[in-house]
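The values are calculated or read from the model by the stated rules, or taken from the named source; none is laboratory data. Source: prediction; values computed, not measured. Note that we place each Cβ from the backbone using ideal geometry, even for glycine, and neighbour counts take in every protein chain shown. Surface areas here come from the heavy atoms of the whole protein model, side chains and all, with no ligands, DNA or RNA. Shrake-Rupley method; radii C 1.70, N 1.55, O 1.52, S 1.80 Å.
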Amino acid sequence: MYITDHTFIAHIRKRDKREQSVFEHNDNVAALAFALGLPYGIGGLSMFTGRHHDDGKNTLNYYDYIMAAVAGEAVVRGSVIHSTHGAVFANSLASPNNLHSKLTSEMVRTAIMSHHGLRDCISTDGKLSFTESAKRISDSYCDVERIIIKHHGNQSITDSFLKATADAKAIHTKIEEFQSLGNCYGSSHFYLAMYERLLTSILIDADRTDTAYFEDAVEMPTIQTLDERKAMWRNYLHHCESEIMKLQIEKESSMLDSYRAEISKACAEFDGGESGVFRLVVPCGAGKTLSALRYALQTAERYGKKHIFYIAPFNSILEQNADEIIKFIGDAEAVLKHHSNVVFDSDDGEDEKKYKLLTENWAQSPIVATSAVQLLNTLFAGKTSNVRRLQALGNSVIILDEIQALPIKVLKLFNAAMNFLAYFCGTSMVLCSATQPLLDKLNDYQILSPKGIINDEEKYNIAFKRVEIVDNVNENGLSVGEAADFISSKANEVNSILAIVNTKPVARKIYELIQSKVGDTNEFRLFHLSTNMCPTHRSVVLSEMRKCLKSKDNLQKVICISTTLIEAGVDVSFEHVVRSLTGLDSIVQAAGRCNRNQETDCGAVSVVYIRDEDVSRLGYMQSAQEATREILFNIHTYPERYAGGVLAKTAMDEFYAKYYRPLQKKEMAFPLQDDPEHTIIDLLTTNPSGSNRNGNPKSVLMKQAFKEAGDAFSVIEDIGKRDAIVEYNDDALQHIEKLMKARSLSEKQKELRYLQRYTVQLSDYSTQKIAEGVRFEESVGVFILSHLYYHDDVGVSHYPKTLII
């Protein structure tokens, strides 16, 4: 039986059973995709991809499937293939002897097949995903092809494919132009892979957007014009400048104010052009966030940028600086905070629904404050929800704060992605850090050489110098007990001291040793911070500690023993800091917690080596320690080379060169866990494993294993770890109970999001030691940690409170 064209259905609205035909949906998606793709120079390619993405719904099988679903019958989502027919149709249009025609068909078919989940071009076991998929629809394809041709007409199809081919040719040309800049920026295959991900992102966003607006029966929002965008940024810029004037009048004057004003003014006046990679290097306390915002607002207004993104490595920094951005632009609605700890106070669900819509594609918010994890997932992770957001990053300004905090394994992927956004997508990148890593000096996959926003960086390093780095490292090192004695002796000499160590066990042991020395005396106030404490617990401790540090009435000396979580972006100030041996970049970051408020003429940061500290599981910590040892030795031996000592730019550049040198071959390209000889960069370029196992790899231009790369990508290593909700207080217990009683998925998600503030991560070892103290609630899929195994001072404990001595 043949069903006429108009009866093929893409969607049926739940509310009123209104039908949307396949061609109506495809045309809507094509129009949306064209608008999204045009600024990237791929409007024709995006339109063709959108117009044919759901061609596979023109089948009797899909018609029966959707009608059964509407009738309430049990159907299996995804059981009817519909994302392959359009791919096969695009492939049929390619001229085998025309490079750009062939490239067009491969790009289109890969995007169409991936719009419900990434697909490989060639899998690592050598299979051609397209060929395998095409075989599965061979019985229905001819009917679908006839319907497509009847609806669109051969001439229209040819014309639209030629426009798509023109875009593919332009992509090829632009990548060749970029490659002519030098062979140090990575493989052309990688940049083609980024274009493919962008095309897929555009298709996913257009598809999801049309589906959502059809289901909600609302009109599409109008897209801001260039003039409207410029006017919006102008308003925010004026408000920012007014707030700065007010701040200068209201705040207490400081001898450093003139330097802060110079840095801020330089950022506001800097014009690096419409796009590029830029570097903002200023010392801690120099007003980096506000200065970067002034640059971003000026650039957005000058060039009509779509968005400003503020990216932070940790949620604590993100929240703090997002609030500062809101204050200076004067519009909370304009700033989307997108991270895992967002919680909604209202019970009606409207705030949460709005947040979900805004975070789906980042397109509706002028300013997005999000985490480095979210950004990297958008660029490389496998979920379509991550891929979808990529289309929003073009023609924007991206402020990347504390850039030194990026994991080693992602550096080459990150560099190449930043190059793609800057060179191909018209985006301005600002790399912010007091300790800039040498990302433009790697052996390959270098970042485009960043232009400095501040001319005389060393001038401000000297002006803001408020600490001395003291090398107390000796070859044999200190035992944990000796380290505790060292910290105690320094504590007697000052009013406040912070000790930062590399591991949680050492932090706890030192805390307990000092606690046993201090006892119940009122001379000292002792604090402990680590990720063995849930976020709420850490916030409580930080709040109390800040009060003690700032209070003029406080007569107690403050001692804090912490892991590295306090190192970057946490606004606390101690007279003296002790730092366990680590990378020189981390030592300088630790120095940022010393004498911030000029408590003394010059603070001190003592660097010590704790031989009992096992850092073997901390990635490349041992390499960082060895590089730091070399720099410290060189400073002692050739002090004339390092004006400014450890804090000198020469020292930091030399550290990065030594630290990075042995890690550049594989470690920075994201080695695969199950195949450490290969990397994610391999998967996103020539895919040597898959190509070697395929009998005829030259039959395809694109060999990338997109699905396998996406599945392998993870910023945070969580193998052998599990999240557990702590019975921390009455509030935690109440919400655990609400979670257990939740009936709907949305209720469970709401409670789980709320309970993140009471969540810690447990290793396999800790879970085994705690045993019955941690239980798994199967009905909601979470672990619960008993309050008996959570200590008021140090958090997670392997022994119940009654047994702690």
How many of the residues making up segment 756-800 are farther than 12 Å from Glu727 by Cβ and either small (Gly, Ala, Ser) or over 31 Å from the mean Cα position of the chain (by Cα) (or both)?
17
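For segment 10-53: of the residues being of a type outside the set (A, V, I, L, M) and part of a strand (DSSP E or B), which is surrounded by the fewest Cβ atoms within 10 Å (Cβ to Cβ)?
Taking segment 10-53 as the starting set, the residues that turn out to be of a type outside the set (A, V, I, L, M) are 11, 13-21, 23-28, 34, 37, 39-41, 43-44, 46, 48-53.
Imposing the further condition that a residue be part of a strand (DSSP E or B) reduces the set to 11, 19-21.
Working: His11: 20, Glu19: 15, Gln20: 17, Ser21: 17.
Here the residue is Glu19.
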Going residue by residue through segment 268-275, is there one that turns out to be under 30 Å from Asp456 (Cα atoms), touching a residue at least 24 places away in the same chain (Cβ under 8 Å), touching a strand residue (DSSP E or B) at 6+ places or on another chain (Cβ under 6 Å) and among the polar types (S, T, N, Q)?
yes
Keeping to segment 387-413, report how many residues are touching a residue at least 60 places away in the same chain (Cβ under 8 Å) and assigned to a helix (DSSP H, G or I).
14
I'd like the residue in segment 610-649 that is among the hydroxyl-bearing types (Ser, Thr, Tyr) and surrounded by 15 or more Cβ atoms within 10 Å (Cβ to Cβ) and, out of all such residues, is farthest from Ile510 (Cα to Cα).
Tyr642
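Considering only segment 437-446, I want to know if a residue exists there that is closer than 25 Å to Lys306 by Cα and buried (at least 20 other Cβ atoms within 10 Å of the Cβ).
First, pick out the residues of segment 437-446 that are closer than 25 Å to Lys306 by Cα: none.
Looking for residues that are closer than 25 Å to Lys306 by Cα and buried (at least 20 other Cβ atoms within 10 Å of the Cβ), one finds none in segment 437-446, hence no.
Can you find even one residue in segment 766-774 that is touching a Leu at 6+ places or on another chain (Cβ under 7 Å) and assigned to a loop (DSSP other than H, G, I, E, B)?
If we filter segment 766-774 for residues that are touching a Leu at 6+ places or on another chain (Cβ under 7 Å), which is where we start, we get 773-774.
Pick out the ones that are also assigned to a loop (DSSP other than H, G, I, E, B) and you get none.
So far as segment 766-774 goes, no, none of its residues is touching a Leu at 6+ places or on another chain (Cβ under 7 Å) and assigned to a loop (DSSP other than H, G, I, E, B).
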Selected residue [over 17 Å from Val29 (Cα atoms), crowded, with 16+ Cβ neighbours inside 10 Å, at pLDDT 95 or above and in contact with a Lys or Arg (Cβ under 8 Å, 6 or more places away or on another chain)] from Ala94, Ala90
Ala94
What pairs can you find where one residue is in segment 463-477 and at positive phi, the other is in a loop (DSSP other than H, G, I, E, B), and their Cβ atoms are less than 6 Å apart, with a gap of 6+ or different chains?
Gly477/Tyr609; Gly477/Arg611
Every residue in segment 283-324 that is touching a Cys at 6+ places or on another chain (Cβ under 8 Å) and either under 16 Å from Ala422 (Cα atoms) or open to solvent by less than 10 Å² (accessible area, probe 1.4 Å) (or both), please.
Ser291, Ala292, Leu293, Tyr295, Leu297
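Please work out if Val410 is surrounded by 20 or more Cβ atoms within 10 Å (Cβ to Cβ) and under 21 Å from Trp362 (Cβ atoms).
Values: surrounded by 20 or more Cβ atoms within 10 Å (Cβ to Cβ): yes; under 21 Å from Trp362 (Cβ atoms): yes.
Answer is yes for this residue.
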Taking segment 613-635, which residues are assigned to a loop (DSSP other than H, G, I, E, B) and not acidic (Asp, Glu)?
Val615, Ser616, Arg617, Leu618, Gly619, Tyr620
Please list, ordered by first then second residue, the pairs with beta carbon atoms under 6 Å, 6 or more apart or interchain, first in segment 590-602 and in contact (Cβ under 8 Å) with a residue 12 or more places away in the chain and surrounded by 24 or more Cβ atoms within 10 Å (Cβ to Cβ), second assigned to a loop (DSSP other than H, G, I, E, B) and charged (D, E, K, R).
Ala590/Glu567; Asn595/Arg466
If you check Ser340 against the conditions, is it of a type in the set (Gly, Ala, Ser), open to solvent by 10 Å² or more (accessible area, probe 1.4 Å) and modelled with pLDDT under 95?
yes
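Among the residues of segment 216-235, is there at least one that is among the hydrophobic types (A, V, I, L, M, F, W, C), closer than 30 Å to Asp16 by Cβ and exposed (fewer than 11 other Cβ atoms within 10 Å of the Cβ)? Even if it seems obvious, please write down each step before you answer.
Quick first cut of segment 216-235, residues among the hydrophobic types (A, V, I, L, M, F, W, C) only: 217-218, 220, 223, 226, 231-233.
Going one step further and asking which of them are closer than 30 Å to Asp16 by Cβ, we end up with 217-218, 220, 223.
This time we only want the ones that are exposed (fewer than 11 other Cβ atoms within 10 Å of the Cβ), so: 217-218.
Scanning segment 216-235 turns up at least one residue that is among the hydrophobic types (A, V, I, L, M, F, W, C), closer than 30 Å to Asp16 by Cβ and exposed (fewer than 11 other Cβ atoms within 10 Å of the Cβ).
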Pull up segment 299-314, narrow it to residues that are under 15 Å from the mean Cα position of the chain (by Cα) and farther than 17 Å from Asp331 by Cα, then point me to the one that is modelled with the highest pLDDT.
Ile311
Inside segment 246-271, can you point out the residues that are surrounded by fewer than 17 Cβ atoms within 10 Å (Cβ to Cβ) and over 29 Å from Asn595 (Cβ atoms)?
Glu269, Asp271
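Where residues in segment 236-245 are among the hydrophobic types (A, V, I, L, M, F, W, C) and buried (at least 16 other Cβ atoms within 10 Å of the Cβ), which of them is nearest to Arg466 (Cα to Cα)? Quick ask: steps written out before the conclusion?
Pass one, segment 236-245, residues among the hydrophobic types (A, V, I, L, M, F, W, C): 237, 240, 244-245.
Keeping just the survivors that are buried (at least 16 other Cβ atoms within 10 Å of the Cβ) gives 237, 240, 244.
Details: Leu237: 32, Cys240: 29, Ile244: 25 Å.
By that ranking, first place goes to Ile244.
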Among (1) in contact (Cβ under 8 Å) with a residue 12 or more places away in the chain; (2) open to solvent by 70 Å² or more (accessible area, probe 1.4 Å), which single condition is Glu708 missing?
(2)
Matching residues, segment 425-444, being out of contact with any Phe, Trp or Tyr (no Cβ under 7 Å at 6 or more places or on another chain) and either small (Gly, Ala, Ser) or farther than 18 Å from Phe655 by Cβ (or both):
Gly426, Thr427, Cys432, Ser433, Ala434, Asp444
Just one listed residue, out of Ala732, Ala724, is in a helix (DSSP H, G or I) and either over 30 Å from Glu626 (Cα atoms) or under 24 Å from the mean Cα position of the chain (by Cα) (or both), and it is Ala732
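When you check Glu654 against the structure, is it assigned to a strand (DSSP E or B) and more than 25 Å from the chain's Cα centre (by Cα), yes or no? Working first, answer last.
On the way: assigned to a strand (DSSP E or B): no; more than 25 Å from the chain's Cα centre (by Cα): yes.
Criteria not met by Glu654.
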Determine which member of the set Ala491, Ala507 is on the phi < 0 side of the Ramachandran plot, within 36 Å of the chain's Cα centre (by Cα) and either of a type in the set (A, V, I, L, M, F, W, C) or modelled with pLDDT of 95 or more (or both).
Ala507
Thr370 over 14 Å from Ile204 (Cα atoms), within 16 Å of the chain's Cα centre (by Cα) and either assigned to a helix (DSSP H, G or I) or at pLDDT 90 or above (or both)
yes
Among the residues of segment 56-88, how many are out of contact with any Asp or Glu (no Cβ under 6 Å at 6 or more places or on another chain) and either among the basic types (Lys, Arg) or part of a helix (DSSP H, G or I) (or both)?
16
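For Ala212, are the conditions met, namely being over 15 Å from Gly50 (Cβ atoms), exposed (fewer than 15 other Cβ atoms within 10 Å of the Cβ) and either modelled with pLDDT of 95 or more or not hydroxyl-bearing (Ser, Thr, Tyr) (or both)?
Numbers: over 15 Å from Gly50 (Cβ atoms): yes; exposed (fewer than 15 other Cβ atoms within 10 Å of the Cβ): yes; either modelled with pLDDT of 95 or more or not hydroxyl-bearing (Ser, Thr, Tyr) (or both): yes.
Yes.
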